[in-house]
Amino acid sequence: MLKMPETNEYPPYYMGYVNNVPDGELLQILEDQQKETKKLLKDLSEEAAEYKYAPGKWTIKEVLGHITDTERIMCYRLLSIARGEKGMLPGYHDDEYVKRGQFNRFSLSDLLHHQALVRQHTILLLSSMDEESLLQRGNANGSEVTARAIAYIIAGHENHHRKLIKERYLSSDH
């Protein structure tokens, strides 16, 4: 069972994501999350999936693309650090990734499928790692982090964005 990382395993700016993961078995949490996200979004119309709650904000499709891209990047970091990579792994600019991802040209169904495949990869990767690998430390975006912390950041990041989707996109206020 993956245990919650200690606060010295990740930079302070990730604390909100890590603390956003409920108690329980992380692999099961990751499986459940993907189902919950699909259930939340699968019945939206394409028009609703392209809604922005304010100028300059992302659409739901763009948020989903961002969640998926971030998980891809974090999974690469997790793999690299778990395997002993000592070089600094680069950061990324999420706004630029979303812009270049052109997620609104995809159907919501396709984006949910991409997200499910990436999540399946994450779960398979994590389930293949032992505790020693997960406790490896590396450098991502100029900060020290463990592979285990990255796994929790992935889960917390999705929870964060799903909450924003519920509050800012799907509330009855618009």
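Taking the residues in segment 52-74 that are modelled with pLDDT of 95 or more and of a type in the set (Ser, Thr, Tyr) as candidates, determine which candidate is surrounded by the most Cβ atoms within 10 Å (Cβ to Cβ). So the residue we want is Thr68. Under the condition of being in contact (Cβ under 8 Å) with a residue 60 or more places away in the chain and under 20 Å from Leu112 (Cβ atoms), which residue from segment 68-101 is farthest from the chain's Cα centre (by Cα)? Top of the filtered list is Cys75. Surrounded by 15 or more Cβ atoms within 10 Å (Cβ to Cβ), more than 16 Å from the chain's Cα centre (by Cα) and over 22 Å from His121 (Cα atoms): does that describe Glu9? Spelling it out, Glu9 is indeed surrounded by 15 or more Cβ atoms within 10 Å (Cβ to Cβ), more than 16 Å from the chain's Cα centre (by Cα) and over 22 Å from His121 (Cα atoms). Taken over segment 93-115, residues that are surrounded by 17 or more Cβ atoms within 10 Å (Cβ to Cβ) and on the phi > 0 side of the Ramachandran plot amount to 0. Residues in segment 117-140 that are in contact with a strand residue (DSSP E or B) (Cβ under 7 Å, 6 or more places away or on another chain) and of a type in the set (S, T, N, Q) were compared, and the one that is nearest to Leu79 (Cα to Cα) is Gln136.
Checked across segment 76-96, the condition of being within 23 Å of Leu41 (Cβ to Cβ) and aromatic (Phe, Trp, Tyr) holds for no residue.
Yes or no: Lys166 charged (D, E, K, R), assigned to a helix (DSSP H, G or I), in contact (Cβ under 8 Å) with a residue 24 or more places away in the chain and under 20 Å from Ala54 (Cβ atoms)? Taking the combined requirement at face value, the residue satisfies it. Would you confirm whether or not segment 75-92 contains a residue that is under 18 Å from Gln33 (Cα atoms) and either surrounded by 12 or more Cβ atoms within 10 Å (Cβ to Cβ) or touching a helix residue (DSSP H, G or I) at 6+ places or on another chain (Cβ under 6 Å) (or both)? The answer is yes; a qualifying residue exists. When you check Leu30 against the structure, is it assigned to a helix (DSSP H, G or I), hydrophobic (A, V, I, L, M, F, W, C) and over 14 Å from the mean Cα position of the chain (by Cα), yes or no? So Leu30 fails the test. Can Glu31 be described as touching a Leu at 6+ places or on another chain (Cβ under 9 Å), under 22 Å from Leu134 (Cα atoms) and charged (D, E, K, R)? So Glu31 does not fit the description; no. Annotation: of all residues in segment 6-25 being touching a helix residue (DSSP H, G or I) at 6+ places or on another chain (Cβ under 6 Å) and not charged (D, E, K, R), the one that is nearest to His157 (Cα to Cα) is Tyr17.
Just one residue in the set Leu124, Leu108 is aliphatic (A, V, I, L, M) and without any contact (Cβ under 8 Å) to a residue 12 or more places away in the chain; that residue is Leu124.
The values are calculated or read from the model by the stated rules, or taken from the named source; none is laboratory data. This structure is a prediction, so every number in the text was calculated from the model and none was measured. Virtual Cβ from ideal backbone geometry, glycine too; neighbours counted across all protein chains shown.
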